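What follows is a short report on a single structure.
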Amino acid sequence: MKLTEISGNINEWFSGEGPLSDVVISSRVRLARNLAGHRFLAACPATEKAEILRKLKDVLMGIDLGDEVFYIGVDKVPALEKRFLVERHLISQNHAFGKGPRGAVIARREFFTAMINEEDHLRLQVLKAGCQLPACLEQINRIDDMIEQKVEYAFSPKYGYLTACPTNLGTGIRVSVMLHLPALKMTGQIEKFLNATKSLGLAVRGLFGEGTEAAGDFYQLSNQTTLGVREKDIVTQFEKTIIPEIVEYEHAARSQLLSHESSLLDDKISRALALLKNANLISSQEALFLLSHIRLGLNMHKHQGASTPAIDRLCSLGNDIGSAGTSDRLSIATVNRLFLLTLPAHLQLNYGKELDSTHRDALRAQIIRSALNG
């Protein structure tokens, strides 16, 4: 399958729907696994990596996910396609630009990816829109069980699943949510949030995971402890305690903006709207930053009934992006789609060739102007 068959649309899990979706963009559960009888990848020669890849590819392409799956030879595709897969959250940076034979099996609706020969022999992930961690866990455990019927995992009765990195020992699980926290940032409370997560032993990363900084007020929050803790307990802690508290803090910050700093809120939204509707050049970082304020305004109207002059103007906008020539109100789905479609690799893949930064900035501005002025 060609990646251009999915590059023009948003992922199922980035639709803007799902529980608590005004703050929680998506939920993800990832499992790290290694095959018994094989060395960890750091000690593997290329021939053994190729054998692991072949074995796992055959198994993964044969299981029933209830959706079409396709395989990408990550070590063989052009750099642009690798960057696209990273932007799409289908593979990691390490997987994209690592060494040796490696690949990915992906569900067409993009709720599931299996990375073969990333840091471990196998990294499984399931993603869903909004706050749906229990559903992610249930689905990934079902997939993991189907795989384990066909291969033997490296497992210790004492330490659990054996992994390349000691922090993944035990269950091998990473639970994470992607959060949109513009109000905490705007009211100067984001550092308090970051410090609180560190004290709870949680990891906070940027939009594209490990090694990246927050962009567009997006943060990925995940657990760091996997040894001696049950998978279900980690998910329950996130679902019942951690996420509701963060959502409450963000909602309180939005209420503070509305009741005490409405001029600041209106100014941010108005400036974002004016720049996005009129600019001829927009960088990727600037687009994420400005679209974040647009998304905040739409969500405050939808979930909190907020009404200010800037929010009212925003909610009266028509758009035609992806609507087959018809015009409707600007929606969260449209804004999310703009987030994705204007990322550098998405832009270039959809355009059909690589572009220098100036041409990317011009094309990005044109796409956004078309959507907001439609």
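Conditions tested, residue by residue: (1) among the polar types (S, T, N, Q); (2) modelled with pLDDT of 95 or more; (3) in contact with a Lys or Arg (Cβ under 8 Å, 6 or more places away or on another chain).
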| residue | (1), (2), (3) |
| --- | --- |
| TRP13 | no, no, yes |
| LEU31 | no, yes, yes |
| ALA36 | no, yes, no |
| LEU41 | no, yes, yes |
| LEU65 | no, no, no |
**OP:** Name the single residue, out of those in region 69-84 being of a type in the set (Val, Ile, Thr) and over 14 Å from ASN117 (Cβ atoms), that is farthest from the chain's Cα centre (by Cα).
**Re:** VAL77
Original post:
Is there any pair with a first residue in region 172-201 that is over 21 Å from ASP22 (Cβ atoms) and a second that is of a type in the set (Gly, Ala, Ser) and in a strand (DSSP E or B) whose Cβ atoms are under 7 Å apart and which are 6 or more apart or on different chains, and what are they?
Top reply: GLY172/ALA32; ARG174/SER222
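Being among the small types (Gly, Ala, Ser) and free of Cβ contacts under 8 Å to residues at least 40 places away in the same chain is true for just one of GLY73, GLY8, GLY37. Which residue is that? If you could, list the steps in order and put the result at the bottom.
Working: GLY8 fails: free of Cβ contacts under 8 Å to residues at least 40 places away in the same chain; GLY37 fails: free of Cβ contacts under 8 Å to residues at least 40 places away in the same chain.
Unique residue meeting the criteria: GLY73.
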**OP:** Grab the helices (runs of 4 or more DSSP H) fully contained in region 253-323, keeping just those with 1 or more residues being in the same structural domain as THR358 (by TED's automatic domain parsing) and of a type in the set (S, T, N, Q).
**Re:** 262-278, 284-304
Original post:
How many residues does region 112-136 hold that are closer than 20 Å to ALA96 by Cβ and not aliphatic (A, V, I, L, M)?
Top reply: 9
Original post:
Residue check: is GLY8 modelled with pLDDT under 95, surrounded by 17 or more Cβ atoms within 10 Å (Cβ to Cβ) and either in contact with a Cys (Cβ under 8 Å, 6 or more places away or on another chain) or part of a loop (DSSP other than H, G, I, E, B) (or both)?
Top reply: no
Subject >> Flag if ALA32 is closer than 27 Å to GLY170 by Cα, in contact (Cβ under 8 Å) with a residue 40 or more places away in the chain, in contact with a Pro (Cβ under 7 Å, 6 or more places away or on another chain) and aliphatic (A, V, I, L, M) >> reply: no
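If you go through region 206-227 one residue at a time, do you hit one that is among the aliphatic types (A, V, I, L, M), in contact with a Pro (Cβ under 9 Å, 6 or more places away or on another chain) and surrounded by fewer than 19 Cβ atoms within 10 Å (Cβ to Cβ)? Reasoning before the result, please.
Looking only at region 206-227, we keep the residues that are among the aliphatic types (A, V, I, L, M), and these are 207, 214-215, 221, 227.
In the following step, the residues that additionally are in contact with a Pro (Cβ under 9 Å, 6 or more places away or on another chain) were identified as 227.
Among the residues that remain, those that are also surrounded by fewer than 19 Cβ atoms within 10 Å (Cβ to Cβ) are: 227.
Within region 206-227, one or more residues are among the aliphatic types (A, V, I, L, M), in contact with a Pro (Cβ under 9 Å, 6 or more places away or on another chain) and surrounded by fewer than 19 Cβ atoms within 10 Å (Cβ to Cβ).
Search region 116-130 for residues being out of contact with any Ser or Thr (no Cβ under 7 Å at 6 or more places or on another chain) and surrounded by 21 or more Cβ atoms within 10 Å (Cβ to Cβ), and hand back the single one that is nearest to ILE25 (Cα to Cα). It would help to see each step written out before you state the result.
Kept after step one, since they are out of contact with any Ser or Thr (no Cβ under 7 Å at 6 or more places or on another chain), are these residues of region 116-130: 116-117, 119, 121-124, 126.
Within this subset, residues satisfying the condition of being surrounded by 21 or more Cβ atoms within 10 Å (Cβ to Cβ) are 116-117, 121-124, 126.
On the way: ILE116: 26, ASN117: 28, HIS121: 28, LEU122: 25, ARG123: 22, LEU124: 20, VAL126: 14 Å.
Filtering first and then ranking leaves VAL126.
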Subject >> PHE84 being buried (at least 22 other Cβ atoms within 10 Å of the Cβ) and in contact (Cβ under 8 Å) with a residue 40 or more places away in the chain >> reply: yes
Original post:
Scanning for something closer than 30 Å to LEU20 by Cα, out of contact with any strand residue (DSSP E or B) (no Cβ under 8 Å at 6 or more places or on another chain) and of a type in the set (D, E, K, R), does region 148-164 turn up at least one residue?
Top reply: no
Subject >> Residue under evaluation ALA50, criteria (1) part of a helix (DSSP H, G or I); (2) in contact with a Cys (Cβ under 8 Å, 6 or more places away or on another chain); (3) among the aliphatic types (A, V, I, L, M), criterion not met >> reply: (2)
Subject >> Of all residues in region 136-153 being more than 14 Å from LEU56 (Cα to Cα) and in contact (Cβ under 8 Å) with a residue 24 or more places away in the chain, the one that is farthest from the chain's Cα centre (by Cα) >> reply: ASN141
Subject >> Of all residues in region 340-359 being assigned to a helix (DSSP H, G or I) and in contact with an Asp or Glu (Cβ under 9 Å, 6 or more places away or on another chain), the one that is surrounded by the fewest Cβ atoms within 10 Å (Cβ to Cβ) >> reply: LEU340
Subject >> Unmet requirement for LEU133, which otherwise passes all of (1) over 30 Å from GLU261 (Cα atoms); (2) surrounded by fewer than 17 Cβ atoms within 10 Å (Cβ to Cβ); (3) of a type outside the set (Ser, Thr, Tyr) >> reply: (2)
**OP:** Could you give me the residue pairs with C-beta distances under 7 Å whose first residue belongs to region 231-251 and is of a type in the set (Ser, Thr, Tyr), whose second residue is part of a helix (DSSP H, G or I) and surrounded by 17 or more Cβ atoms within 10 Å (Cβ to Cβ) wherever it lies, and which are 6+ apart or on separate chains?
**Re:** TYR249/LEU184; TYR249/PHE193
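The values are calculated or read from the model by the stated rules, or taken from the named source; none is laboratory data. Everything numeric here is computed off the predicted structure, so don't read it as measured data. No Cβ is skipped: glycine too gets one built from the backbone with ideal geometry, and neighbour counts run over all protein chains shown.
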